[in-house]
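The values are calculated or read from the model by the stated rules, or taken from the named source; none is laboratory data. For clarity, every value in this text was computed on a predicted model and none was experimentally measured. Quick reminder, even Gly has a Cβ in these numbers, built from the backbone with ideal geometry, and neighbours come from all protein chains shown. Accessible surface is based on the protein model in full, side chains and every heavy atom, while ligands, DNA and RNA are left aside. Shrake-Rupley method; radii C 1.70, N 1.55, O 1.52, S 1.80 Å.
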Amino acid sequence: MTTFSETNVTHPAPHRTHTVLNQSVPRADVNEFTLDTVLAEGVRRHDADWATGELTDIGALVGSATFQHDAELANTIIPELKTFDRWGNRIDEVEYHPSYHRIISAAVAHGAHTSVWADPKPGANVARAAAFMMFAQIEPGHSCPISMTNAVIPSLDLQPDVAAIWKPRALSRSYTPELDAPRKASAIFGMSMTEKQGGSDVRANTTVATPAGRGGPGADYLLTGHKWFCSAPMSDAFLVLAQAEGAGGDGLSCFLLPRILPDGTRNVFRIQRLKNKLGNKSNASSEIELDGTVGVMVGEPGRGVRTIIEMVARTRLDCVLGSTAGMRQSVAEAVWHARHRSAFGKVLADQPAMTSVLADLALESEAATVTALRLARAHDEDASEQERSFRRLATAVAKYWICKRGPHHAYEALECLGGNGYTEDFPLARRYREQPVMAVWEGSGNVIALDVLRAMTREPDSVAAFDAEVNLARGSNAVLDEHLDRVRRQLGELAGLAPAAAQLRARTVVESMALALQASLLTRFSPAAVADAFVDARLGPDRTHEYGTLSPSADLGSILSRA
């Protein structure tokens, strides 16, 4: 009998099967600003070149391996609700991993929240948009309270006595996570409007506000009710809607609700549970119970929607920025992978089928970025009346379309990584779960489409301003000109329809408007290779919403060189 020791078998070195070959190198320690040609061009174009130094610093920070690791930790070691302390005292706190606090602290330090209000000037919203997008590109969950803190300022300004107390805290570039830290000088804001019986129909809210004294604007009320969604419940204060009753005026009104009262005690703010969301894991979203909770009326009684809509308008812009940031991450990761991995004897990025997909993804990302920065510029303090009319309609149009394009864009980019993309070890699986929230937050598709209809009816100047903007590109491309004619025709037909019939057409018209805006901006601001490919793919006779179907005549190399 032959024993094992008597054979002449040669055993391979045990490490040989673990040699890593043909895998992409980590995409880490890169500068997310200087590498983003489209973003850097937009910053210069829209009068924010003065911010290049700080944006470059942010790009290096968020592109670092350390920041990327914090983003991973914040989304895997997710927030945990602590209803009681160990002695049985009700505390209603959410515990986050320290990585989350490091991320939001950095965003606040760089002014991604309220820099536009602290130093308003031409290009301020563009610089802030670029900063916000870079932070959200790597870790999107924290951008919810960052966005709401930015957006709360115009609503606070409607109540100067309240703004005098809270606005300086919101403008602070320091971040302190503890609610009742001694001498806390900063504040992060949240918002809670929807209730379980109403959702987007906030006028159906049943939360009641009873005056604690005289009532009216700037007065204290006691709020009782249940809020179905409250994002970032560890924020220092919230804007909420409630039905005011009694002295001071009735009707749905807006209230500022602090977590800590002026005497240092905790306001009644019972966190019932944290939402188990599809994505957005690092950002705690909750249901809350208000029971004699102190709130200060902001704005006129019965005008709560009008007051808080100032906040909604800004957060809708940030939905566009957030989806755009996700597209940039998706493209950057997909192109990086394809340039560092080979198949069938060639680098993936050089395989024609893959090149077409990557270029198409890059087109979508560039169109979103150019649109987002143009909208940001229209929100600056020096905006003319026409600019204000343009942004009223264009923000809703862009919010509808760009946020809807986000999930499918993320999926297609994920597929470029193959099996790696489908694992949670790579960021695109997280991005795929993240993108739908931008389409839901601050109004899902139907809500936004109906808002566009309202703007057309109530603010006809917004239609004229939008038309003037998109037609600045007329004469540059025959296919685009045909589409611009089609949009004018659609808008004219829509104006003559009964409300029910107009609703049935709303999505079709909003999509046409969005594509007209993107194609016009690309034609005016991007290289011809980009603009022509976009117009042909999105507006031409063979147009399709599937990626990777660009015309054989498209200059794929030039498009990808910008990604």
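Structure summary
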item	result
Subset of the range 94-115 [out of contact with any Pro (no Cβ under 9 Å at 6 or more places or on another chain) and either among the charged types (D, E, K, R) or under 22 Å from V152 (Cα atoms) (or both)]	R102, I103, A106, A107, V108, A109, H110, G111, A112, T114, S115
Matching residues in the range 401-424 - criterion: being under 19 Å from the mean Cα position of the chain (by Cα) and not aromatic (F, W, Y)	I402, C403, K404, R405, G406, P407, H408, H409, A410, A413
Test for V108: is it assigned to a helix (DSSP H, G or I), open to solvent by less than 10 Å² (accessible area, probe 1.4 Å) and more than 18 Å from I308 (Cβ to Cβ)	yes
Residues satisfying the stated conditions in the range 420-432, i.e. over 16 Å from V25 (Cβ atoms) and open to solvent by 60 Å² or more (accessible area, probe 1.4 Å)	Y422, E424, Y432
Condition check for T83: modelled with pLDDT of 95 or more, surrounded by 12 or more Cβ atoms within 10 Å (Cβ to Cβ), over 30 Å from R128 (Cα atoms) and of a type in the set (S, T, N, Q)	yes
Among the residues listed as S323, S330, the single one being open to solvent by less than 30 Å² (accessible area, probe 1.4 Å), modelled with pLDDT of 95 or more, over 30 Å from W117 (Cβ atoms) and not aliphatic (A, V, I, L, M)	S330
Unique match (being modelled with pLDDT of 95 or more, under 27 Å from the mean Cα position of the chain (by Cα) and buried (at least 24 other Cβ atoms within 10 Å of the Cβ)) among D380, D318	D318
Qualifying positions in the range 153-208 - in contact with a Phe, Trp or Tyr (Cβ under 7 Å, 6 or more places away or on another chain), over 18 Å from R303 (Cα atoms) and polar (S, T, N, Q)	S186
Qualifying positions in the range 289-311 - closer than 20 Å to H142 by Cβ and surrounded by fewer than 24 Cβ atoms within 10 Å (Cβ to Cβ)	none
Meets criteria (within 21 Å of the chain's Cα centre (by Cα) and either surrounded by fewer than 23 Cβ atoms within 10 Å (Cβ to Cβ) or part of a loop (DSSP other than H, G, I, E, B) (or both)) for L239	no
Entirely in the range 11-82, the helices (runs of 4 or more DSSP H) that have 3 or more residues that are of a type in the set (D, E, K, R)	37-45
Qualifying position, being within 20 Å of L539 (Cα to Cα) and modelled with pLDDT of 95 or more, among A501, A473	A473
Scan of the range 411-426 for residues that are within 14 Å of H340 (Cα to Cα) and among the hydrophobic types (A, V, I, L, M, F, W, C), ordered by number	C416, L417
Qualifying position, being surrounded by fewer than 16 Cβ atoms within 10 Å (Cβ to Cβ) and touching a Leu at 6+ places or on another chain (Cβ under 7 Å), among R259, R183, R203	R203
Search result, residues across the range 262-274 that are open to solvent by less than 40 Å² (accessible area, probe 1.4 Å) and either without any contact (Cβ under 8 Å) to a residue 60 or more places away in the chain or outside any strand (DSSP E or B) (or both)	N267, F269
Meets criteria (among the polar types (S, T, N, Q), farther than 23 Å from S285 by Cβ, open to solvent by less than 70 Å² (accessible area, probe 1.4 Å) and more than 20 Å from the chain's Cα centre (by Cα)) for Q490	yes
Test for V312: is it in contact (Cβ under 8 Å) with a residue 12 or more places away in the chain, among the β-branched types (V, I, T), part of a helix (DSSP H, G or I) and farther than 30 Å from L223 by Cβ	no
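Each row is one residue, and each column tells you yes or no for (1) assigned to a helix (DSSP H, G or I); (2) closer than 30 Å to Q23 by Cβ; (3) at pLDDT 95 or above; (4) open to solvent by 10 Å² or more (accessible area, probe 1.4 Å).
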residue	(1), (2), (3), (4)
V335	yes, yes, yes, no
A338	yes, yes, yes, no
T355	yes, yes, yes, yes
L358	yes, yes, yes, no
F390	yes, no, yes, no
L393	yes, no, yes, no
G406	yes, yes, yes, no
Y411	yes, yes, yes, yes
E415	yes, yes, yes, yes
